[in-house]
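The values are calculated or read from the model by the stated rules, or taken from the named source; none is laboratory data. Computed from a predicted model, the values in this text were never measured in an experiment. A quick note on method: Cβ atoms are made from the backbone with ideal geometry, for glycine too, and the neighbour counts reach across all protein chains shown.
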Amino acid sequence: MNILLVDDDAGFNFLNSRLLRRLGVIEHLFVCDNGAKALKLIRKLKSNQNSIPKIILLDIKMPQMNGFDFLDSLQEMDLEMKEEIFVAMLSSSVDPTDKLKSYAYPQVIDYIEKPLDAGKFFTTLHKVRNKQNVQKI
Amino acid sequence: MNHEVTDHLKEGFQIISKDWRYVYLNDAVVVHSRFKREELIGRKMVDVYPGIEKTKMFEVLEHCMENHLSANFENEFEYPDGLKLWFELRVQPYDDGLIILSIDITSRKNNEVLRSGYVKELESLIDYTSHHIRQPVTKILGIKGYAESGELSREDLLKLCEILNKSILDLDHVTRNLTERMLEVKAKTQAVD
């Protein structure tokens, strides 16, 4: 499974990349340090169905384009596979309003409080697979 | 009308004639007006308070007068010397004029403004805590979790130390900042008290 990690913090990107690779479920891991770069990457990959990331782990508080701005742009993007891309917010915020706002977006399947760990990631993965099975039916 | 009851009400009570002259004012309205009773009775509102005819309050009064309607509203009244007080006004048609009941709500309004200011400060502190303080804390927790989850190479170890070092410095910075901001809020609160 291809995963896209979007976070402006280099420390988190290092930790999360290492953790995700250790779990051994990733085919390809993309890392972007802001929302604009992530959108650019998705546009670039959209012609190739197999390379499109299926899970986006998205930070909220980022300069230039924050997580919610990214989600707004993703919703507006002309993309055939959009319903097959699942977003898990990955944030340090414990403010319930951030969580509520996140779940208002149809792509958001999970809200993970940092730090990411194996248990949290597999919970998200489980939710994604359940959703994929429903889509197949 | 027998004014014995209305004269000493805490609520302001005034009667305005159809041609906008003060017909009756109880003691509370006289205090609110900052004039003497004899300086008001028989005079037109627009002569006592020049420019009042351009205010939103007067617009409502005119509407009530012309259409024999009631209205309840809150109004910030600006006196000629610039003093501003908030009043809750209840307007009722009476014969060809108006009865206006008024209560000074300045203190309540000021409290509302203060409370709204505190809520904004609090929201800003929640946002700061939730994002800026939690950030280095969760990173330190992440380092701990990653270190416990398997073997670490020397390269990993060096990188983790680097991240840990940065997180500690960030935490130092944001907690100092938070303390400064909380002291500012405390100073503002004390200034109000």
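Selection within the stretch A:1-30: residues that are in contact with an Asp or Glu (Cβ under 8 Å, 6 or more places away or on another chain) and of a type in the set (A, V, I, L, M, F, W, C). The member of this set that is modelled with the lowest pLDDT is A:M1. The residues of the stretch B:1-49 include none that are more than 23 Å from B:H63 (Cα to Cα) and assigned to a strand (DSSP E or B). When you look at A:G24, is it crowded, with 19+ Cβ neighbours inside 10 Å, within 14 Å of chain B (Cβ to nearest Cβ) and either free of Cβ contacts under 8 Å to residues at least 40 places away in the same chain or polar (S, T, N, Q) (or both), yes or no? In short, no. Screening the stretch B:89-193 for helices (runs of 4 or more DSSP H) wholly inside it with 2 or more residues that are farther than 22 Å from A:S93 by Cβ and within 14 Å of chain A (Cβ to nearest Cβ) returns the ranges B:134-148, B:154-192.
Restricting attention to the stretch B:79-103, the residues that are surrounded by fewer than 14 Cβ atoms within 10 Å (Cβ to Cβ) and closer than 17 Å to B:G51 by Cβ add up to 6. Taking the residues in the stretch B:142-180 that are loosely packed, with under 13 Cβ neighbours inside 10 Å and under 16 Å from A:P115 (Cβ atoms) as candidates, determine which candidate is modelled with the highest pLDDT. Filtering the stretch B:142-180 for residues that are loosely packed, with under 13 Cβ neighbours inside 10 Å and under 16 Å from A:P115 (Cβ atoms), the one modelled with the highest pLDDT comes out as B:E148. Annotation for the stretch B:124-139: at least one member residue is surrounded by 13 or more Cβ atoms within 10 Å (Cβ to Cβ) and within 17 Å of A:S17 (Cβ to Cβ).
For (1) hydrophobic (A, V, I, L, M, F, W, C); (2) farther than 26 Å from B:K10 by Cβ, each residue gets a yes or a no:
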{"residue": "B:I100", "(1), (2)": "yes, no"}
{"residue": "B:L152", "(1), (2)": "yes, yes"}
{"residue": "B:K166", "(1), (2)": "no, yes"}
{"residue": "B:L183", "(1), (2)": "yes, yes"}
{"residue": "B:Q190", "(1), (2)": "no, yes"}
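Filtering the stretch B:68-82 for residues that are outside any strand (DSSP E or B) and touching a Leu at 6+ places or on another chain (Cβ under 6 Å) leaves an empty set. Go through the stretch A:9-21 and give me each residue that's more than 9 Å from chain B (Cβ to nearest Cβ) and over 15 Å from the mean Cα position of the chain (by Cα). Correct list: A:R21 only. Entry remark, the stretch B:26-72: residues being under 23 Å from B:I105 (Cβ atoms) and touching a residue at least 24 places away in the same chain (Cβ under 8 Å) number 12 in total.
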